Amino acid sequence: MFLSIKNLNKYFGNNHVLNNVSTDLKKGEVMSIIGPSGSGKSTFLKCINFLEYPTSGSVNLNGEYIGFNQNGKLMSENIIHKQRKKFGMVFQNFNLFWHINLIENIIEAPIRVLKIEKNKAISIAEDLLEKVGLIDKRFNFPKKLSGGQQQRGAIARALAMNPEVMLFDEPTSALDPETINEVLKVIEKLASDGMSMLIVTHEINFAKKISNRIMMLDEGKIVDDTDTDSFFSSTSNKRKFSFLNQGH
Ligand SMILES: Nc1ncnc2c1ncn2[C@@H]1O[C@H](COP(=O)(O)OP(=O)(O)OP(=O)(O)O)[C@@H](O)[C@H]1O
Ligand SMILES: [Mg+2]
């Protein structure tokens, strides 16, 4: 299995926020994660790349244990920091730097962290900006970009690190309705290009369209985790049924 997550638990104090969450993702698969507010969706994503340390469990990417070694022992911060680069993360609030223009935003980490030569980094960044439809905006500062453009820029920035998996946490929930689609289209294109992705979203129709699998969390527990067709065709689970019929 490409990404394998086993018995992930996370406590914040006495709050058991992730309760024995296990799932797998094949290479090139897209999994959407849905569930009510506070169900642990963001925490789940953050525990996969050890932005939050899980309390227990294991994460394995391509045969390599992430964060905890196979005996459950926490690895050094240095190693975890390196491993985190395998995961590209895009949050709800566009995380571009404000004091530099778009293309500088995209080449910054590849040059500083991956030690890629500047001209090479620029050429990679230009290809990515082409892909997300922002090549003509490459010299704009973020404040001169719309919310949707900033978010597409943030996606290009994450992709510039050449991640193995992309993690999206409600990438469209801070956007105006008119710009949601342009961001969803970029994500859809990534999916069709074969990028492995986990996407926390409230856009159920979008999830249905692009996901191979859907996982629903409630109070830190998996309510359902199955292929997209089965997820939507079986509604015998009351919790799932009521969530899906709430207009989410
Ligand atoms: N850093 C933290 N410290 C303490 N508690 C936290 C922290 N982060 C999250 N929690 C708690 O963990 C639970 C799950 O939060 P999480 O943000 O993962 O939910 P979510 O499903 O992403 O919700 P939403 O849909 O509102 O984004 C909540 O009870 C939240 O209050
Ligand atoms: Mg969240």
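Which of rounded, prolate, oblate describes the range 130-205, given a ≥ b ≥ c as roots of the alpha-carbon gyration tensor eigenvalues and a/c under 1.5 marking rounded, otherwise prolate only if a/b is larger than b/c? The shape class here is oblate.
The share of C-alpha pairs in the range 163-224 whose separation exceeds 13 Å stands at 65 percent.
Partner aspartates and glutamates whose Cα lies under 15 Å from the Cα of K131, excluding those fewer than 8 positions away in the same chain, are identified as E182, E188, D193. Compared with the dominant Cα axis of the chain, that is its longest principal axis, helix 177-192 is turned about 80°. Between Q70 and F97, the modelled labels are 4.0 nm apart [label points 7 Å from Cα along Cα→Cβ]. Alpha carbon centre of the range 19-86 versus the range 92-118: separation in Å? About 25 Å separates the Cα centre of the range 19-86 from the one of the range 92-118. Legend: distances between Cα atoms for K209/K240; K120/K189; K46/K221; K26/K120; pairs beyond 21 Å are K120/K189; K26/K120. Note on the range 130-248: antiparallel DSSP beta bridges, both residues inside, total approximately 55 percent of the bridges counted.
Using a probe radius of 1.4 Å on heavy atoms only, what accessible surface per residue do you get for the chain? Whole Å² is fine. All intermediate terms of the calculation are to be shown ahead of the outcome.
Details: 11880 Å² over 248 residues.
Roughly 48 Å² per residue, with all protein chains present.
Relative to the longest principal axis of the Cα atoms of the chain, the long axis of helix 118-131 makes an angle of roughly 60 degrees. From helices alone, the chain scores -10500 deg cm²/dmol at 222 nm; the rule is -39500 (n - 2.57) for each run of n ≥ 4 DSSP H residues, then divide by the residue total.
Extension gain I79-N245, at 0.36 nm per residue separation less the Cα-Cα distance, in nm?
Numbers: separation 166, 0.36 × 166 = 59.76 nm, distance 4.35 nm.
Between I79 and N245, full extension yields an extra 55.4 nm.
Give the percent of DSSP beta bridges with both residues in the chain that are antiparallel, rounded to the nearest 5. Please list the in-between numbers first.
Values: 22 of 39 bridges.
In the chain, DSSP labels about 55 percent of beta bridges as antiparallel.
About its Cα centre, the dipole of the chain is roughly 440 debye, where the only charges are +1 on Lys and Arg Cβ and -1 on Asp and Glu Cβ.
Assuming charge only on the beta carbon of Lys and Arg (+1) and of Asp and Glu (-1), the dipole of the range 10-91 about its Cα centre is about 160 debye to the nearest 20. Spin-label model, E219/S146: points 7 Å from Cα along the beta carbon direction are separated by 4.2 nm.
What is the local net charge at A191, summed over the other residues whose Cβ is closer than 14 Å to its Cβ (Lys, Arg +1; Asp, Glu -1)?
Working: positive: K26, K27, K131, K185, K189, K208, K209, R213; negative: E29, E188, D193, E203.
So the surrounding residues net to +4.
Label zone (S236, point 7 Å along Cα-to-C-beta; backbone nitrogen cut-off 17 Å) within the range 205-228: 223-227.
Across the accessible surface of the range 21-128, with the other protein chains kept in place and a 1.4 Å probe, carbon and sulfur atoms take up 50 percent.
Name the shape class, rounded, prolate or oblate, that the alpha-carbon gyration tensor gives for the chain, where a ≥ b ≥ c are the square roots of its eigenvalues, rounded holds for a/c under 1.5, and otherwise prolate holds if a/b is larger than b/c and oblate otherwise. Kindly include the intermediate steps, with their values, before the conclusion.
Details: a/c = 1.94, a/b = 1.29, b/c = 1.51.
Cα axes put the chain in the oblate bin.
Of the residues S146, N78, F97, the one whose Cα sits farthest towards the positive end of the charge dipole of the chain is N78 (charges of +1 on Lys and Arg Cβ, -1 on Asp and Glu Cβ, taken about the Cα centre). Once all protein chains are placed together, M161 keeps about 30 Å² accessible to a 1.4 angstrom probe.
The values are calculated or read from the model by the stated rules, or taken from the named source; none is laboratory data. None of these values were measured; they are calculated from a predicted model. Here the Cβ is made from the backbone with ideal geometry for all residues, glycine too, and neighbour counts use every protein chain on show. Just so you know, the surface numbers come from the protein's heavy atoms only, side chains and all, with ligands and any DNA or RNA stripped out. Shrake-Rupley method; radii C 1.70, N 1.55, O 1.52, S 1.80 Å.
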